[in-house]
Amino acid sequence: MTTEVLWWFFAVLIVGASLGVVAARSVIHSAIFLIGSLAGVGAMYVFLTVDFLALVQFLIYGGAVTVLILLALMLTRADVTGLPEKVNGPQAPFAVLVGAGLMAILIGVAVGTTWPGNVGDKALNIPIELISQKLFLDYGPPFVIASVLLLVALVGAIILARQEEGE
Amino acid sequence: MVPLDNYLVLSAIIFSIGVYGVLARRSAVLILMSVELMLNAVSLNFVAFAAYLDPNRVAGAIFAIFVITVAAAEVGLALAIVIRLFRNRATANVDEAASLKW
């Protein structure tokens, strides 16, 4: 019972913060709403008994990614005039239509489908030992490829953002 | 316990909000934040399916870990591109970087 009340609290928090991300007038407010939304999803991982993933979510998304985004926001502030900038393009009403239509379709499919297995009653526990075994043994090659991807992205980001001579 | 459908509906709502943000926003950084929302919705879906339906229980969580890894790489690269764009054009709005548009 308590779990369900908490679940609904976090669900409302996530949806509200996500709406804040796309509706806020100021980009800084959007970034702060984004932290709320990502932390809420981390709480959802706790409800799903994947504690390790919740930890990763808080550290990488709630910490690193949002700090990176805030840094980029600071470096790309164009509104030195102080005038409120238009944050949405002229296509925004159509975007509402697309988003609402997609939401209707997705919810309809998700609720209408009968899932096989032990649906509906109980989330199975996912222990952290199992995750490490799978990640380092069964999913070893993808793990290595992901490391290479991170390295390449790191080098690429440095080269892209570097101040070149004569600029 | 909360049934699986709740997670799926929640994830669908977050994903649609992210789609709206990607389509409606002008600033590249705000579009990137909406993409983060969409990626989060997908990870939540993976983990929910793993916890409720997968007898091996763990594949969805592994997927979510890889999604987070790739998203981190993507954010680093995308923000580098945005900073480069801002340096060259003095704007981070995608509709003003339209040199290739006729």
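Since every read-out is calculated from the coordinates, none of them should be taken as a lab result. The structure displayed is predicted, hence computed values, not measured ones. So basically every Cβ, Gly included, is an ideal-geometry build from the backbone, and we count neighbours across all protein chains shown.
With respect to (1) more than 30 Å from residue B:5 (Cβ to Cβ); (2) more than 8 Å from chain A (Cβ to nearest Cβ), the lone exception for residue B:67 is condition (1). Selection of region A:136-147 for residues being more than 7 Å from chain B (Cβ to nearest Cβ) and surrounded by 10 or more Cβ atoms within 10 Å (Cβ to Cβ) yields A:136, A:138, A:140, A:143, A:144, A:145, A:147.
Tally time: how many residues in region A:16-50 are in contact with a Pro (Cβ under 9 Å, 6 or more places away or on another chain), within 30 Å of residue A:131 (Cα to Cα) and more than 9 Å from chain B (Cβ to nearest Cβ)?
Total satisfying the criteria: 0.
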